[in-house]
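**Student:** One structure coming up, written as structure tokens, with questions to follow.
The values are calculated or read from the model by the stated rules, or taken from the named source; none is laboratory data. Remember, predicted model here, so these are calculated numbers, not experimental data. Methodologically, a virtual Cβ is constructed for each residue, glycine included, from the backbone with ideal geometry; neighbour enumeration extends over all protein chains shown. Heavy atoms of the whole protein, side chains included, go into the accessibility calculation; ligands, DNA and RNA do not. Shrake-Rupley method; radii C 1.70, N 1.55, O 1.52, S 1.80 Å.
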Amino acid sequence: EDLREAKVKLREFALTRLREANVHETAHRLALLWDMEYWYDYDDAEKYVQARREKYIQWDDAFPVKSGMGVIDVPEVLSTHNELLCSFKDLESTMNSKTPVIGFDVEWGDDSKGAALLQLSTAKMSILIDIPALGKYEDGCKALELTVGRIFGSPTVKLLGFSCKEDLSRLRGSPSIRKTHWFSHNTNAVVDIKPLISIDNPKLRSLGLSRSSEHYIGKPLDKSEQCSMWGQRPLSESQRTYAALDAWACVAIYDKLSFRGFTSSSSTSTKRKIYESGL
């Protein structure tokens with residue numbers, strides 16, 4: 001009985017997700033196969049979409065259209081060495097020269113020990129890197145070493161993650177055609193912002209990135225794509241938006257924290273708290 005109930009809930013969840021994605025033909029076929037009802041109302045759907053846009057951080061919130069500039073599109077996944085080298089150069093050019101920071105996040109699938117996707121973002125630009133595709137050939141590994149490997153060990157740039165121990169482990173464990181891995185064991189540039197948030201607001205200590213975003217930015221992150229099939233290609237626009245915003249949020253939150261004394265000149269007591277929090 002419990003198994004049957006779980007199966008029904010799983011199928012209801014699947015139909016709900018298909019409805020949200022406007023994939024109604026597939027949803028109708030599955031509903032018939034499962035002997036379940038499936039409905040769709042255009043007006044209700046529009047209200048639902050609008051409600052989610054108002055509730056969660058949207059791409060336009062993070063990267064608004066500015067006067068004299070075009071729309072910043074959701075980034076495509078970079079899967080060749082030339083794409084990575086060119087886009088990474090553009091990304092570095094958007095860093096603030098006085099406080100150079102890049103947010104990062106990693107997605108992975110249950111069927112792989114490595115990273116499926118690496119997201120990097122400044123306040124002005126995000127890129128998505130196809131780690132498995134680039135790790136399969138020599139030029140791809142070289143490009144990863146010259147970009148990702150280099151920046152994670154940088155003495156001048158801060159790489160901002162959120163509870164990022166597993167992210168780093170996934171990057172180190174990603175398959176590589178090279179005997180010497182492209183990802184440096186030197187990750188001196190990494191700053192985990194979760195301990196900083198815990199110090200700034202102890203009530204957020206046990207909460208995730210989405211709730212932290214709500215506190216500091218004004219809206220939570222939409223986590224509906226969190227359990228996506230990240231190893232499959234191509235990724236949908238919804239997946240790419242989700243992935244890029246996770247990395248961007250680390251920069252946006254850190255920007256708020258930087259005005260609360262979390263800098264290289266922080267007091268000794270503050271630094272001790274950060275250390276004790278596990279940074």
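**Student:** Got a sec? Which of A123, A143, A51 is in a helix (DSSP H, G or I) and over 30 Å from I177 (Cα atoms)?
**Tutor:** The match here is A51.
Condition check ((1) at pLDDT below 90; (2) open to solvent by 80 Å² or more (accessible area, probe 1.4 Å); (3) on the phi < 0 side of the Ramachandran plot) across all residues:
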residue	(1), (2), (3)
K47	yes, yes, yes
R52	yes, no, yes
E76	no, yes, yes
T80	no, no, yes
F88	no, no, yes
S97	no, yes, yes
D111	yes, yes, yes
L120	no, no, yes
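**Student:** From the set of residues in region 158-188 that are over 21 Å from L245 (Cβ atoms) and hydrophobic (A, V, I, L, M, F, W, C), which is surrounded by the most Cβ atoms within 10 Å (Cβ to Cβ)?
**Tutor:** F183
**Student:** Next up: Of the conditions (1) in contact with a Ser or Thr (Cβ under 8 Å, 6 or more places away or on another chain); (2) under 13 Å from A244 (Cα atoms); (3) among the polar types (S, T, N, Q), S121 fails just one. Which one is it?
**Tutor:** (1)
**Student:** What number of residues within region 126-140 satisfy the criterion of being in contact with a helix residue (DSSP H, G or I) (Cβ under 6 Å, 6 or more places away or on another chain), assigned to a helix (DSSP H, G or I) and either free of Cβ contacts under 8 Å to residues at least 40 places away in the same chain or open to solvent by less than 10 Å² (accessible area, probe 1.4 Å) (or both)?
**Tutor:** Of the residues in region 126-140, 2 are in contact with a helix residue (DSSP H, G or I) (Cβ under 6 Å, 6 or more places away or on another chain), assigned to a helix (DSSP H, G or I) and either free of Cβ contacts under 8 Å to residues at least 40 places away in the same chain or open to solvent by less than 10 Å² (accessible area, probe 1.4 Å) (or both).
**Student:** Further question: What residue, of D35, D60, is open to solvent by 60 Å² or more (accessible area, probe 1.4 Å) and in a helix (DSSP H, G or I)? Even if it seems obvious, please write down each step before you answer.
**Tutor:** On the way: D35 fails: in a helix (DSSP H, G or I).
Matching residue, one of D35, D60: D60.
**Student:** Report whether or not R4 is surrounded by 15 or more Cβ atoms within 10 Å (Cβ to Cβ) and assigned to a helix (DSSP H, G or I).
**Tutor:** Against the criterion (surrounded by 15 or more Cβ atoms within 10 Å (Cβ to Cβ) and assigned to a helix (DSSP H, G or I)), R4 does not qualify.
**Student:** With the condition kept exactly as written, say whether any residue in region 256-278 is at pLDDT 95 or above and hydrophobic (A, V, I, L, M, F, W, C).
**Tutor:** No, because not a single residue in region 256-278 is at pLDDT 95 or above and hydrophobic (A, V, I, L, M, F, W, C).
**Student:** Report yes if some residue within region 189-204 is open to solvent by less than 10 Å² (accessible area, probe 1.4 Å), touching a Gly at 6+ places or on another chain (Cβ under 7 Å) and free of Cβ contacts under 8 Å to residues at least 40 places away in the same chain; otherwise report no.
**Tutor:** Scanning region 189-204, I find at least one residue that is open to solvent by less than 10 Å² (accessible area, probe 1.4 Å), touching a Gly at 6+ places or on another chain (Cβ under 7 Å) and free of Cβ contacts under 8 Å to residues at least 40 places away in the same chain, so the answer is yes.
**Student:** Going by what's in this entry, would D105 be described as of a type in the set (D, E) and buried (at least 21 other Cβ atoms within 10 Å of the Cβ)?
**Tutor:** Yes; evaluated as a whole, the condition is true for this residue.
**Student:** Hey, S184 hits all of (1) part of a loop (DSSP other than H, G, I, E, B); (2) within 19 Å of the chain's Cα centre (by Cα) but one; which does it fall short on?
**Tutor:** All conditions are met except number (2).
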